[in-house]
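Inspection log for the structure reproduced underneath, given as structure tokens.
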Amino acid sequence: MSFNFIHLSDLHLGKKIKSLKGDIDRYDEFYNTFKEIEYIIKQSKCEFIIVSGDIFHNKLPSLEAEELFINFLINIYELVNYIFIISGNHDSDLKLKNLNTYNKILNKFSNKKIIIYTFIDLEEYFNNNSNAPYFEFKINDNNVLIILVPFIEYRLGLKFHQIFDIEKEYSYSKLHSILLNKILQEKILNKNTLKILVMHVMLDEVNLGSSESPLCTNDIYKVLSNDIVFDFNYIALGHIHRYQKINNIHYSGSILPLDFGEDYPHGIILNKVDHNLITSEFIELKSHKRLITLDLKKTENINNLIKQIEDNKNSYIKIKIYDNSESIDIQKLINFENVIKIEKFIKEDKNLSNQTYELENQINTLDFSNVLQVYEMYYKELKISKNEKDLEKIKPKLKKILNKLEELINKEI
Ligand SMILES: [Mn+2]
């Protein structure tokens, strides 16, 4: 007997786009995207759904964001038997646990289940042996085992070093491997069991999607695929916003583009299981707007640029212009409703590479009142410094950021 399940991730409900016309709320796009997903769930007759983290963009989501998610759960509740959810780096564990209240109410009327697993549960499991991170159930004659490992903040991961009495120098990646070993130890794995692992991590070989939090895509957070593979039939990952598949490891990506770096297909993964053989299909979601970047260097002249703005009425547009570009009537560009961002690049040092040039411009226009933005710059800087030789030239600016950062932190404390 065969059955289906769906894997989705990185919803980031409540994420807004900053624009020169104010913050753009994307409630309608999220709403329509959920309608699309609900339709796919209904059509494909799924047994269960996996959501691998980052439900809400903010730790304190707005009422609208919460309403979107609760309505989604209610709408799919009768269509599937189980909904598995883990927390991602953007989620507040307590906020997600609160959703269990709705679950309890819904459970009164049926025996379907929503299982929400956060770091709090994982800690409890290893401390008190309660709240196990695995769930076993039967679908017809098939045994299914789901293992849920929520996002572990680096600093909090150190707690497990004490619990297991493992050496301090164990890496974040090794820690995941040890956790999985401990969890799997308790299971007698039957050959006929379909084994699925759900996690919110950055693998060493991924292709980043652009708007993942820079704090959590730092090298220390890298997990080696060899450390987590074991013999799972399907590994359902979240955290990276670009859909990708490495053997049996799947990132479904974010359900819609979250910033201008994410102009690529977004969707969910529909899986058909037949005798423990899984066939996966990426289904693209289309009810969101695209976030398009138009670069005057590429469009060559202003007339082409304007034509492209007009041709893409239903997209959000960012325009890149340069100090050496022909004199441009910026107000005329801003008047187009779909133009929401204009970036002007000023090249101070002609020998800088384009990447460093962009970075330098970002530093020049940086608003130091925003501590988080300062952090982001710092980490972006770290990433670029590895493959760029001209770091020396922007080091004074980096120093400026660090000084400012120190100043801000002192003020905050
Ligand atoms: Mn995410």
*Sum up the charges of everything whose Cβ sits under 14 Å from the Cβ of Y251, counting Lys and Arg as +1 and Asp and Glu as -1, but leave Y251 out.*
-4
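Before anything else, pin down the relative contact order of the stretch 183-265: Cα pairs under 8 Å, at least 6 apart, normalised by residue count, whole percent. Intermediate values should be presented prior to the final figure.
Working: 122 pairs, mean separation 25.3, N = 83.
Here the relative contact order equals 30 percent.
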*For the peptides 223-233, 147-157, 14-24, what is the packing order when you average, over each peptide's residues, the other Cβ atoms within 10 Å and list the highest mean first?*
147-157, 223-233, 14-24
*Along Cα→Cβ, 7 Å out, is where each label goes; now give me the distance between the ones at H161 and D204 in nm to one decimal.*
2.0 nm
*Given R₀ = 30 Å, FRET efficiency for E406-S19 by Cβ-Cβ distance, to 0.05?*
0.45
*For the chain, taking Cα atoms only, what is the radius of gyration to one decimal and the Dmax to the nearest whole Å?*
23.1, 71
*Going by a ≥ b ≥ c, the root eigenvalues of the Cα gyration tensor, does the stretch 202-346 fall in the rounded group (a/c under 1.5), the prolate group (a/b larger than b/c) or the oblate group?*
prolate
*Counting other Cβ atoms within 10 Å, keep those with at most 14, restrict to DSSP loop, and tell me which trypsin sites (Lys or Arg not before Pro) in the stretch 190-227 are left.*
K191
*List every residue whose amide H lies under 5 Å from the amide H of G53, counting only residues 5 or more places away in sequence or on a different chain, with H placed 1.01 Å from N in the peptide plane.*
D10, I86
*If contacts are Cα pairs under 8 angstrom and at least 6 residues apart, what is the relative contact order of the chain in percent?*
15 percent
*Compute the distance in nm between two label points, each set 7 Å from the Cα along the Cα-to-Cβ direction, one at S280 and one at T293.*
2.7 nm
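Tell me the mean residue ellipticity at 222 nm calculated for the chain from its helices only (DSSP H runs of n ≥ 4, each -39500 (n - 2.57), averaged over every residue, nearest 500).
Numbers: 13 runs with 156 residues, N = 413.
Rounded to the nearest 500, it is -11500 deg cm²/dmol.
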*lysines near K399 by alpha-carbon distance under 24 Å, same-chain residues fewer than 8 away left out - which ones?*
K344, K347, K350, K380, K383, K386, K389, K411
*In the structure shown, do any of K45/K182; K113/K245; K16/K298; K45/K108 have a Cα-Cα gap over 26 Å, and if so which?*
K45/K182; K113/K245; K16/K298
_Order 40-53, 174-187 from most to least packed using the mean count of other Cβ atoms within 10 Å._
40-53, 174-187
*Treating cross-link reach as a plain straight distance, find the aspartates and glutamates whose alpha-carbon is under 17 Å from the alpha-carbon of K320, omitting any fewer than eight places away in the same chain.*
D259, E262, D263, D295, E300, E310, D329, E337, E343, E348, E358, E360
*Going toward the positive end of the dipole of the chain, with +1 on Lys and Arg Cβ and -1 on Asp and Glu Cβ, which of I152, I41, I24 do you reach last?*
I41
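Coordinate-derived values only; no laboratory data. Here the structure is a predicted model, which is why all the values come from computation and not from measurement. Methodologically, a virtual Cβ is constructed for each residue, glycine included, from the backbone with ideal geometry; neighbour enumeration extends over all protein chains shown.
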